[in-house]
Every structure is written in C-alpha cells, then in structure tokens.
Amino acid sequence: MPSQPPLPPLLAPYVSNLPDSSLTLVSSILGATSNWLVLRFLHAALSSPSPNVAFGSDELQNGTKKKVVLVSFMRSYEFWRTEAKRLGLDLARLADKQQFAFIDGLSELFYAPQPTATSPSISPAGLGSSPRTTLPMRSPPGVVPGRSPQPAGPTVTGVRGNATSKQAEPGIAKKLHFSGRGLASLDALEKDISSVIEQQKSSMEDGDELLLIIDQPDLLLAATGPSMGIGATEMSEWITALQQHAHATVLTLATDAPLIHNASTSGGLATPIETEHAALVIGLAHRARSVMQLRTLDTGAAKDVSGVLRISRGGGLNVSEESLEEREALYFIQRDGGVKLFGRGES
Amino acid sequence: MAPINLSHRRTHNLLLISKLLSLRDTASPLTLVLDSLEQPATPLLKEYIRRAKLSKVHVTLIAFETLKQPDGVDAFVSTRRKSPADIVKEVSAVYQPVAASNPSRRRLILIDSINPLLNSKRVDTGFHLPSFLGSFIAPTLPSAKVDASLVVTYHQDIPELPQQSPYSPTPISELTYLATSIITLHSFSHVLAQKAARDRSLAPPVFGLEEEQEGVLLGRLDRLVGTGKAEGIVIELEHRRKSGRGVLEWYLLPPASRYSPQHLKEIVTLLDDNVLYNPPMERDLVAGDEEPTSTFELGLTDRQRREREGVVLPYFDAQHNDGPGEGGRILYDMGEEDDFDEEEDEI
C-alpha cells in the first residue's frame, strides 16, 4: 500500500487554523480511539512547512508559528513521543525549541511525590497507588521491571538544559498532582497547567498561536466524582478557565454508550458517574465549535476500515461569521501509522 | 373552516411572536428557551440581540458557557466562581449607570445556559430558583422601575442530577411552571423528515443522541443544506396570556444570512405557511381536470349523447303498471337486428 500523507487532505481544513478561542471536541469510544486524530492536530500545528506537504495545507501554515501544550491524562509521554515519531515529528526536539510542552497527568496524578521528585527511580511504596503506569506502551526493556514503573524515557537523545527541563525526565514539562478535594484541587491543577502555558507564551511573538490539547480530562471526573465535590459543572468551569489561556482548545472525551445514554434512559437509576459524564460531554458539545465523533462501523468490523469519523457543527459555532461543512468519512489506520480518510464507497 | 383558521392565526400569532421577540409591552417577563444539540439556541439568541439593538434595548448576557462577549451585548457577566447572590448583584450593578442616565430604557437579560447552575455542586441547599430568577425581573429597590425581560436557555439533553430532596419538583418543571412563554427549538430539516414519515404513517425518525447509537452525539444537521431550502429554525411557542389562556403555535425563523441586520419587517413566518412543510395543493386539482390520454376515444359526440338521453330505461316502464305481482315480466322489444333463436330462449 502506498504510504499516506501525514495529514489526509480531507481532514486538513478541520484540524488546522482553528479560530480564536474556539473549542473542538473529539469524542471517541472504546473501539475507535482518538489518539491518531490528536496526532493529526499536533502535526497540523507543529510540522514545519515543507514543499511536499499535502496540497492545500502548506501555504496556510507559513504565516504564524504555532505552539502546542499537550495535557494527557490517559497516555504517557513515551506513547506520544513514539507515535509522533512515526509521523515525522520529533517531540523532544520541539520541546527544546519551546514549540511543544507535554504535561503528564497520568503517571503521578494520585501519587504523592517524594521530596526528591527529580529522581527517576521511585521507591516501591508508590507502586500500589499507581498501577496504571505499569503498562506503558513500548517501554524500553532496559528498565528493571517492577522497580521503576515510570516511563522514564531514557531513549531520548539531545542536549537538554533550557528552561523547561526542570524535571529530570526529559520532554515532560510538568507532572500534575491531585491533592485535596473540590475546587481547590482543580485550582491547583489549573495553576500548574497555566504556568506551563505562560512559560510557552513568554517566547511567543505577535501573531503566534498557542494550541491547548487536553487528552481525556474525563478521567479526572471519573476518578474524583461528586463525592469529592467535583461534578460536570466544576469540570467545565475548569476547562473554561484553561481555554482563556490558549488560542484554541482541543478536548478528547469518551462517549461510550453507558457513559452517555444511561443517564437519560434508566430513569433516575443511573450512577453518579454516568450522569455527570453525560452532563459534561453534552454540555461541552453545546459550547464546542465543532465536534469530531469517532465510532466503529455500524455494520461490524471490516479489514480495510477502522471506523467512522463524523464532523458536526457544535452549539458554539458562530454560524453568521463562519461556516463549517459537516461531513462523515471512513478512516483506516495502516500498519505504519498512516491514516487514510475516504468517503463511503470510495477507497 | 381551515383557511379561516389559518388567516386568523396568521394575523394574531405573527403579531404575538413579533411582540415577544422584540420585547414590546413586556409581553413575556420570563421566556424559557428549550434547545438541544440538534438545534442549539444560538441563532435565536442572536435574533433577540439583533432586535434589541434595533430598538435600543440594553442587553445583558449572563454567561455560563460563553467565553467571549458577543457582538451587540452591552454588558457581559461572567459567572465563574460566583455564587447566585453575587451574580444577581453584578447584574443589577452593570445597569446602574444606564438606569441613571436613561430611566425609561428597557432591558433584556439573557442566560446562555441555566444547566451549569442547576447541576452545580457548590450551590448550597438554600438556593431557590424562583427567587433567583425573580430578582432579575423585579429588583429589590422599589424606586428603580425597570422594564426587564429575562430569557433563559435550558439544554434539554443534559441529564438532570438526582434531587437533593425527593419531594421537591425538578428544576425543569419549576422553570416551565414559572415561564410566561416557552419556546422549544427544532431543526427544520428534522421537522420535515418527521412530517414526511408521519404522512406515510411511519414512525418518525430520531436524530443525534436519541438514536442511542454508540459514539454519536450529533445527527447530521445539514443533510438538506445543499439545496438551501430547509435552513432555519422551527420555533414551537407556548405563550400564557395574562388571562390564563394559552396560545400554541409553530413558527419558522429563517437563517440570519437571509436578511440584513437592519431588517425591520417581521421575518418569522408560520410553519404552516412554508412551502416545504405544507406543499400547495393546487397541483393536484389541475391534474384532476386533465383527461387521461389513450388511443381510445372516451368522449361522446353530440349525436351519441342525444340518443343516450332518449333511451327509456326499463324501470320507468315498470312503474306504469299497477300493483305488485306483475314483477318478473321481461320487457323487451325485438329489434330488426335481433336474431330470434327458439332453442335458446325456451325455458
């Protein structure tokens, strides 16, 4: 199969040149994950314009320089770094150039940091509270198993030593820690993220744009919930606050059926997480400029189709000022990480 | 009966919606706008703002989900981290200078989404929705006479959280009880699709979240946009007059691109007057007058008609005879072309 352009031409107008203070929602389900689409957002913002970029998208990117802050609650830095490399993006180098910053919301979110948080090896006491991180994608085999569960990223090469490398782990600008309960804890997270954003902004020139991508913030809601004083309203206020720091915001959220439909169909018997999650996702869709919905093929699995991407206008789109063409297309993720996007009946 | 009814509705109900949208005579102090992801309220709120600008009404937007101040809004009140009491205070504060300079000026207060407030964890149990909304319309100071209208948007598809007290009514039933007008929004293309299904006695289709398909948040809105005909919002209005009599009507608001912002004449039409919703019947009548074309001559010539009229049918003859008992006689005169066959007619 011929290799695909990193950014499918069909997708290019939807992932690049997001307007000011816009919110883009990417919804995924278990069978159709969103990370490939997030990588396309990264690529559209970060790739340096080269002559052989997919036509139609190259001349638009020359004008403004883009910066990206990626906050990931579901996947580790190693995962993003490896996947981005397959698209030709060197995240470590971009982080050095202060074009990209990664905020780790996964590995130490509910793990009390040691006083010497810079040490890459973590004492075994922390193992019980961070079991998720024992399954990093493609973790290098050189690490002693069980002793250092954190994806330390030792394969990253390159000279460090700029302002972002306060942490010992290269490439990660900050690790989020959740403490306390209710609004105070969300405020602390917001401060952490906004400090990184401000740091990025400090090296920005006029006309530069900062894109904020938050990967699966619904994990935060699911892990805390109403019993800790955090509900859908608090979460969306938190996102509003972060939105104010960035030029454009991209969110990925899960829309699996139980998380969306149980709240309205089970007649008051839904669990708090079902109700709160549905309220959060639907409320954000009302605010979003566009909603990119990923789902599996309605007719079942196919060997040349990975899923369906539906791009719809959200409730927050300013219809009188801009138009957004809605469309539905099939996508196929190839073994080399390339993505093909095509209409029904085409190939 | 139907046409009289329609013309009556045309005059009275169009006047009513014009009064409501232009906030004349404070026809409705509290308007509740029920929207959904399939038809967001943004275009209707824009129309409210446009008309308010034309008639120099002071517009306040209480923003629970709007990030930036939209065009045409005089005062923008962000609600982040504010208690309901603070919001009320701020909303009355932004109007003080206006009231001082021009006391007779009317006022429009928009709430872009009431759901975050209703679902908030922070709002204490003492929060009373009717008095919160009432305090906007009737300020505490009796001296300040304010002619205010409140328009509250409620997203129908966001699930409600379980009630604190099982005996208190849900917020939405409180809202519908308080409101003087209730506007429910529908997408025009969906209304058309549902009507087409009903006309064929089929179950009307559902869209978006109601499809309950995994991974689908929004249905496709612009299936018909390519034709440019089915654009617009269908407004289902329930208005309670002061006398207590209710008015129910369906309207169509065309998209904002169809008219200039300074357009003064009424643009809303009755849904029944729309050509797409109610196709004209004349075409069927015209089709009935035409004769089917065929190679047979189905008409009559004058001579044939005269002869046909001259035929005396047998029952006229039977009526001349007196009394019963004579039935069963066969009245038939042999014609010259008849060939009498004895064997055949012997019984």
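The values are calculated or read from the model by the stated rules, or taken from the named source; none is laboratory data. Keep in mind it's a predicted model, so treat the numbers as computed, not measured. Please note: Cβ atoms are built from the backbone with ideal geometry, for glycine as well, and neighbour counts cover all protein chains shown.
Go through the residues of segment A:32-41 one by one and say whether even a single one is over 28 Å from A:G300 (Cβ atoms), at pLDDT 90 or above, in contact with a helix residue (DSSP H, G or I) (Cβ under 7 Å, 6 or more places away or on another chain) and more than 14 Å from chain B (Cβ to nearest Cβ). Yes. Look at segment A:209-245 and say how many of its residues are aliphatic (A, V, I, L, M), part of a helix (DSSP H, G or I), within 9 Å of another protein chain (Cβ to nearest Cβ) and more than 12 Å from A:A279 (Cβ to Cβ). Going through segment A:209-245 one residue at a time, the tally reaches 1.
If only residues of segment A:6-24 that are in contact (Cβ under 8 Å) with a residue 40 or more places away in the chain and hydrophobic (A, V, I, L, M, F, W, C) are counted, the one that is nearest to the other protein chains (Cβ to nearest Cβ) is A:L23.
For first residues located in segment B:59-76 and free of Cβ contacts under 8 Å to residues at least 12 places away in the same chain and within 11 Å of another protein chain (Cβ to nearest Cβ), partners that are of a type in the set (S, T, Y) and outside any strand (DSSP E or B) and lie 6+ apart or on another chain with Cβ distances below 6 Å form the pairs B:L67/A:S21; B:K68/A:S21. Within segment A:190-208, the set of residues being among the polar types (S, T, N, Q) and either assigned to a strand (DSSP E or B) or more than 19 Å from the chain's Cα centre (by Cα) (or both) comprises A:Q199, A:S202, A:S203. Consider segment A:268-280 and keep the residues that are more than 7 Å from chain B (Cβ to nearest Cβ) and crowded, with 24+ Cβ neighbours inside 10 Å. The one that is nearest to A:A257 (Cα to Cα) is A:H277. One residue stands out in segment B:81-132 among those that are outside any loop (DSSP other than H, G, I, E, B), of a type outside the set (A, V, I, L, M, F, W, C) and within 14 Å of chain A (Cβ to nearest Cβ): the one that is surrounded by the fewest Cβ atoms within 10 Å (Cβ to Cβ), namely B:P84. Every listed requirement among (1) in contact with a Leu (Cβ under 9 Å, 6 or more places away or on another chain); (2) more than 10 Å from chain B (Cβ to nearest Cβ); (3) within 17 Å of B:P40 (Cα to Cα) is met by A:L324 save one, (2). For A:T265, state whether it is facing chain B (nearest Cβ under 10 Å) and at pLDDT 90 or above. Spelling it out, it is not the case that A:T265 is facing chain B (nearest Cβ under 10 Å) and at pLDDT 90 or above. In segment B:246-268, the residues that are touching a residue at least 60 places away in the same chain (Cβ under 8 Å) never reach a residue that is among the acidic types (D, E) and surrounded by fewer than 12 Cβ atoms within 10 Å (Cβ to Cβ) with C-beta atoms less than 7 angstrom apart, at least six apart or across chains. Under the condition of being among the aromatic types (F, W, Y) and either within 11 Å of chain A (Cβ to nearest Cβ) or closer than 16 Å to B:P29 by Cβ (or both), the residues counted in segment B:155-192 number 1. Pairs meeting the criteria (first residue in segment B:233-244 and on the phi < 0 side of the Ramachandran plot, second residue of a type in the set (K, R) and buried (at least 16 other Cβ atoms within 10 Å of the Cβ), beta carbons under 8 Å, at least 6 apart or on different chains) are lacking. Is at least one residue of segment B:9-31 in contact with a Phe, Trp or Tyr (Cβ under 6 Å, 6 or more places away or on another chain) and within 14 Å of chain A (Cβ to nearest Cβ)? Taking every residue of segment B:9-31 in turn, none turns out to be in contact with a Phe, Trp or Tyr (Cβ under 6 Å, 6 or more places away or on another chain) and within 14 Å of chain A (Cβ to nearest Cβ).
The test for being surrounded by fewer than 19 Cβ atoms within 10 Å (Cβ to Cβ) and more than 25 Å from B:V247 (Cα to Cα) does not hold for B:S173.
Within segment B:35-78, take every residue that is within 30 Å of B:G126 (Cβ to Cβ), of a type in the set (S, T, N, Q) and in contact with a strand residue (DSSP E or B) (Cβ under 6 Å, 6 or more places away or on another chain) and give me the one that is surrounded by the fewest Cβ atoms within 10 Å (Cβ to Cβ). That would be B:S78. Residues that are surrounded by 14 or more Cβ atoms within 10 Å (Cβ to Cβ), more than 13 Å from chain B (Cβ to nearest Cβ), within 18 Å of A:L11 (Cα to Cα) and in contact with a strand residue (DSSP E or B) (Cβ under 9 Å, 6 or more places away or on another chain) do occur in segment A:283-305, at least one of them. If you go through segment A:306-320 and pick out every residue that is closer than 15 Å to B:T66 by Cβ and more than 9 Å from chain B (Cβ to nearest Cβ), you end up with 0. The residue pairs whose first member lies in segment A:32-47 and is assigned to a helix (DSSP H, G or I), whose second member is basic (K, R), and whose beta carbons are closer than 7 Å, counting only pairs six or more residues apart or on different chains, are A:N35/A:R75; A:A45/A:K66; A:L46/A:K66. Considering only residues of segment A:18-30 that are at pLDDT below 90 and surrounded by fewer than 18 Cβ atoms within 10 Å (Cβ to Cβ), which is nearest to A:A285 (Cα to Cα)? Top of the filtered list is A:S21.
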